[in-house]
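What follows draws every value from the coordinates through simple rules; no lab data is involved. Predicted model only: the values in this text are computed from it and were never measured. Every residue, glycine among them, receives a Cβ derived from its backbone with ideal geometry; neighbour counts consider all protein chains shown.
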Amino acid sequence: MTDPLSPPDADHLRHRALTENRPVLGAWLTRASPDLLAALSASALDYVGIDCQHGLISEAEATRMTADAKPTATGHLVRVSANRPELIGRVLDGGADGVIVPTVNSAEEARAAVAAVHFPPLGQRSYGPTAPRLPREPEHLARRALLLAMIETRQGLDAVKEILAVPGVDGVYVGPADLGISLGLGPAQFPASAELEPALHTVVEAAKSARKIAGLHAGSELFTEHYAGMGFHLLTLGTEASFVSAGVERVLETAGTTAKNEKKTNGPY
């Protein structure tokens, strides 16, 4: 059944994630740098995740960067620092293509996030688009926004089906480190431990049943094939720092210098 708040012609990331035969791939931006955002957005990445929760970026800075960014085929998703309507509305007004909402543990909390994306009578979002390229009709503003709820606790995992059943939630996004901590497995989940993998399968199966997006903070491009095989639709491959480091190493290898460092895989940052 088609979600009435997510029509088939809505945001291109939503459509691509659910229809292409590969996961959409992204990078994580942790610093408030318009130049780094522009460089990542000019690449073949499907999206850039702008991190206002653990990165050195405020929602005000994220709003400024996305509002000033040149239009590209790369989407901009903002992970807000909390499930609060003023934060979600602000980054969407600034032109973000969607939001990733941390620590969603119940259908009630998912409905609160949906209400922050939508205007009355469906929600409680305040009207005030600031990015020049945005449409001005409230309905179009709300429909263009991808909404992913983060599953990163035992409570969220137990409620994942109910969270995905909330109209207006486009999918879920797993934070493996926090989920590992919550399940007593520790944060070293890049790649996911054998003990955490059943939880990831639970999320994928719930998303498949709901016909919605299953996303994951993979932390490295080395795990793309494995997670795509599990059924994840959306994967974050690393941060701007890890991308720069990997690029420098490849340049040096091409120049005939042995790479200094092996790829580290047990931390997302």
Name the residues whose placed amide hydrogens come within less than 5 Å of the amide hydrogen of residue 151, ignoring near sequence neighbours (fewer than 5 apart) on the same chain. 173, 174, 175
In whole Å, what are the extents of the chain along the principal axes defined by its C-alpha atoms, from largest to smallest? 61, 41, 32
Just from its helices, what would the mean residue ellipticity at 222 nm be for the chain, if runs of 4 or more DSSP H residues each count -39500 (n - 2.57) and the sum is divided by every residue, rounded to the nearest 500 deg cm²/dmol? -11000 deg cm²/dmol
Please state the charge dipole magnitude for region 12-254, taken about the Cα centre, from unit charges on C-beta atoms (+1 on K and R, -1 on D and E), reported in debye and rounded to the nearest 20. 700
For residue 224 and residue 86, what is the calculated FRET efficiency with R₀ set at 41 Å and r taken between the beta-carbons, to the nearest 0.05? 0.70
Using 0.36 nm per residue, how much length does the chain from residue 251 to residue 155 gain when fully extended, once their Cα-Cα distance is taken away? 30.1 nm
Quick one: which residues, 5+ away or cross-chain, put their amide H under 5 Å from the amide H of residue 119? H built at 1.01 Å from N. 125
Would you work out which of 127, 244, 179 lies farthest towards the positive end of the dipole of region 12-254? Charges go on Cβ: Lys and Arg +1, Asp and Glu -1. 127
Residue among 167, 66, 55 farthest towards the positive dipole end of the chain, charges placed on Cβ: 66
Need one word for region 114-265: rounded, prolate or oblate. Basis is the Cα gyration tensor (sqrt eigenvalues a ≥ b ≥ c); a/c below 1.5 gives rounded, then a/b vs b/c decides. oblate
Region 38-132 - Rg and Dmax from Cα coordinates, angstrom: 13.2, 39
Considering Cα pairs under 8 angstrom that are at least six residues apart, work out the relative contact order of region 12-254 and quote it in whole percent. 18
Residues whose placed amide H lies under 5 Å from that of residue 239, excluding near-sequence neighbours: 28
Computed over region 107-211: relative contact order in percent, which uses C-alpha pairs under 8 Å that are six or more apart: 23
Just report the Cα centroid separation between region 39-87 and region 17-37, whole Å. 9
Among 71-78, 247-254, how do they line up from the highest to the lowest mean number of other beta-carbon atoms within 10 Å? 71-78, 247-254
Between region 101-175 and region 202-243, the Cα center-to-center distance that results, in Å: 19
